[in-house]
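Every number here is computed from the coordinates shown, using simple stated rules; none is lab data. Worth saying up front: this structure is predicted, and the values here are computed from it rather than measured. Using ideal geometry, Cβ is built from the backbone for each residue, glycine included, and neighbour counts are taken over all protein chains shown.
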Amino acid sequence: MMPSELQTPDGTGSAPPEQVPMIDTAKRKPRSPRRIPKSDAVLEAAVDRALQGILEIAPEAQVGRHVSAVVDGERLVTHRFEAFLPGYGGWQWYASLARVPRGKDVSVCEVGLLPSETSLRAPEWLPWSERVRPEDHETEDAPAAPAAPATEVVPGAEDDGAEQPPTP
């Protein structure tokens with residue numbers, strides 16, 4: 001094919017040059033890997049709306065004071081509150097809020113619990129092969145666990161959920 005001949009998009013013949021899309025060969029500025037989101041005064045001030053969203057899933061007694069508001073993205077802010085739940089020491093309730101461009105109505109996107117730096121957490125998981133130590137294995141000279149007493153099924157007896165003593 002000659003350079004003057006151009007294929008149509010369906011590949012059936014040649015097309016005039018005005019119908020062929022131009023390819024932009026100019027160098028473009030590389031995009032920054034992560035743009036820092038701008039502050040959003042409407043969402044940052046919506047502490048009451050965040051609290052209202054959390055109170056839909058948690059009793060008021062389990063929610064404490066407002067801890068922080070973090071801008072996560074454009075028109076997206078996460079508010080954190082103290083959590084008073086047994087077994088969740090140091091954890092915090094969160095509510096992610098968003099709004100449409102130029103809008104003043106705030107929407108609750110997501111609510112839940114997140115750990116903080118002082119949270120009680122489970123230890124990091126280890127595979128079984130790394131958790132078991134040599135002393136955890138049963139040895140030959142260790143006594144075996146006692147066997148459970150055998151129960152016998154008596155024909156014709158009703159099963160009321162209680163174990164029947166063995167018949168002599």
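Here are some notes:
- Values of log10 I(q)/I(0) for region 79-122 across q = 0.13 Å⁻¹ run -0.37, by the Debye formula with one identical scatterer at each alpha carbon and no solvent.
- The convex hull built on the alpha-carbon positions of region 39-104 has an orientation-averaged projected area of 4.5 nm².
- Region 41-115, relative contact order in percent, only Cα pairs under 8 angstrom and at least six apart counted: 29 percent
- Length, then width, then depth: along the principal axes, the Cα atoms of region 60-135 run 65, 28, 16 Å.
- Ordering 113-123, 82-92 by mean Cβ neighbour count within 10 Å, with the highest value first, yields 82-92, 113-123.
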